[in-house]
Amino acid sequence: MRMLSKLEVKYIQSLSDKKSRTVLKQFIAEGPKIVADLLNEYPSYIVCIYGTKSWFDKNENLPKNIATREIESFELDKISALQTPQDVLAVMSMPENELIPFQKGKWLLMLDGIQDPGNMGSIIRIADWFGIGAIYCSTGTADIYNPKVVQAAMGSLLRITVCYGDFDAWLQQTGIPVYATLLEGENIYTASPLPPGIVIIGNEGKGIRPSMVTKTTKSLTIPKIGKAESLNAAVATGIVLAQLVNGSSR
């Protein structure tokens, strides 16, 4: 078994950095569950799988056209972005997430400055659960290929088209409803069923920028009953989508 060279280690380690990911158009995904999902659904995006002997012993029937490298545990420690590596790491090619037009009749999600990678990954999984096909992200929103985002998103990562850009002007041209999640909005549980549109989730601390709020059709809120100061952005996204998506289908 050939050891990883210093150059190989440096190359894989560099994928934890956004600039390197952007240049190389690659990212890393770790753990048996995530790699299994990628093997089942997106094998063409796999550049190489790096795994321990124990992982390969459990996965003997891999497609022959996928590059693999058996490595020692201490080598995985070097290239992993996790505090506790999980037997396998895959280097993946990034799909071409082209900017797609807003679609009438479908629920879409817009993230205005979500910064926490864990929130970002969880929101991607939530969007996948509720059948949201696209997420639009304003500048400053966490990179979906950040290792922590990939870990939190699990197998949902490549099922959702994620676009980044300045969408302020677009919101006025869509011709479809735009819903803002605000503290002073209408109670989401008592609001009448709403037609599908764009749901905007704001930054964890600052909320939705005023420039975007002015372009919304309706403001909605999750009513507060207890004394908690705020809701986690991913939790709020799940509650909002559960109410809106189920409500519009009634």
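Just for the stretch 134-153: of the residues that are assigned to a loop (DSSP other than H, G, I, E, B) and modelled with pLDDT of 90 or more, which one is farthest from PRO117 (Cα to Cα)? Please lay out each step first, then the result.
The first filter runs over the stretch 134-153 and keeps only residues assigned to a loop (DSSP other than H, G, I, E, B), leaving 138-146.
Adding the requirement that they be modelled with pLDDT of 90 or more leaves 138, 141-146.
Values: SER138: 15, THR141: 9, ALA142: 6, ASP143: 8, ILE144: 8, TYR145: 9, ASN146: 7 Å.
The qualifying residue farthest from PRO117 (Cα to Cα) is SER138.
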(message) Among the residues in the stretch 52-59, are any under 17 Å from LEU158 (Cβ atoms) and among the basic types (Lys, Arg)?
(response) no
(request) Return a yes/no flag: does the stretch 209-232 have any residue that is open to solvent by 30 Å² or more (accessible area, probe 1.4 Å), small (Gly, Ala, Ser), more than 20 Å from TRP129 (Cα to Cα) and not in a loop (DSSP other than H, G, I, E, B). (result) yes
(message) Kindly evaluate GLY197 against the criterion of being touching a residue at least 24 places away in the same chain (Cβ under 8 Å), crowded, with 16+ Cβ neighbours inside 10 Å, more than 20 Å from ALA142 (Cα to Cα) and over 25 Å from the mean Cα position of the chain (by Cα).
(response) no
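Return the residue satisfying two criteria in turn: it lies in the stretch 88-122 and is closer than 30 Å to ASN59 by Cβ and of a type in the set (A, V, I, L, M), and of such residues it is surrounded by the fewest Cβ atoms within 10 Å (Cβ to Cβ). Before you say what the answer is, go through the steps one by one.
So in the stretch 88-122, the residues closer than 30 Å to ASN59 by Cβ come out as 88-97, 117-118, 120-122.
Still in the list and also of a type in the set (A, V, I, L, M): 88-92, 94, 120.
On the way: VAL88: 26, LEU89: 29, ALA90: 24, VAL91: 21, MET92: 24, MET94: 15, MET120: 26.
Going through the qualifying residues, I end up with MET94.
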(request) State whether the residues of the stretch 114-123 include one that is at pLDDT 95 or above and more than 20 Å from ASN232 (Cβ to Cβ). (result) no
(message) Can you pull out every residue in the stretch 91-118 that is more than 20 Å from TYR45 (Cβ to Cβ) and in contact with a Leu (Cβ under 9 Å, 6 or more places away or on another chain)?
(response) PHE102, TRP107, LEU109, MET110
(message) Criterion first (surrounded by fewer than 18 Cβ atoms within 10 Å (Cβ to Cβ) and among the hydrophobic types (A, V, I, L, M, F, W, C)) does VAL245 satisfy it?
(response) yes
(request) Could you please find all residues in the stretch 3-35 being modelled with pLDDT of 95 or more, farther than 16 Å from ILE144 by Cβ and among the aliphatic types (A, V, I, L, M)? (result) LEU7, VAL9, ILE12, VAL23, VAL35
(request) Inspect the stretch 9-27 for any residue being of a type in the set (A, V, I, L, M), open to solvent by 30 Å² or more (accessible area, probe 1.4 Å), farther than 26 Å from ASN61 by Cα and over 19 Å from the mean Cα position of the chain (by Cα) and give the result as yes or no. (result) yes
(message) Restricting to the stretch 73-98, count the residues that are within 15 Å of ILE12 (Cα to Cα) and either acidic (Asp, Glu) or in contact (Cβ under 8 Å) with a residue 60 or more places away in the chain (or both).
(response) 12
(message) For the stretch 154-172, give me each residue that is part of a loop (DSSP other than H, G, I, E, B), out of contact with any Lys or Arg (no Cβ under 8 Å at 6 or more places or on another chain) and open to solvent by 50 Å² or more (accessible area, probe 1.4 Å).
(response) ASP166
(request) Could you check, for the stretch 135-153, whether at least one of its residues is in contact with a helix residue (DSSP H, G or I) (Cβ under 6 Å, 6 or more places away or on another chain), open to solvent by 40 Å² or more (accessible area, probe 1.4 Å) and closer than 18 Å to LEU241 by Cβ? (result) no
(message) Can you say whether SER122 is among the hydroxyl-bearing types (Ser, Thr, Tyr), in a helix (DSSP H, G or I) and touching a residue at least 60 places away in the same chain (Cβ under 8 Å), as far as the supplied structure shows?
(response) yes
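Which ones in the stretch 53-73 are more than 15 Å from ARG2 (Cβ to Cβ) and either among the aromatic types (Phe, Trp, Tyr) or surrounded by 14 or more Cβ atoms within 10 Å (Cβ to Cβ) (or both)?
Restricting attention to the stretch 53-73, the residues satisfying the condition of being more than 15 Å from ARG2 (Cβ to Cβ) are 54-55, 57-66, 73.
The answer is TRP55, ASN59, LEU62, ILE66.
The values are calculated or read from the model by the stated rules, or taken from the named source; none is laboratory data. Being a predicted model, the structure only gives us computed values, none of them experimental. Glycine gets a Cβ as well: all are built from the backbone with ideal geometry, and neighbour counts include every protein chain shown. When the accessible area is computed, the model is the full protein with side chains, heavy atoms only, and any ligands, DNA or RNA have been set aside. Shrake-Rupley method; radii C 1.70, N 1.55, O 1.52, S 1.80 Å.
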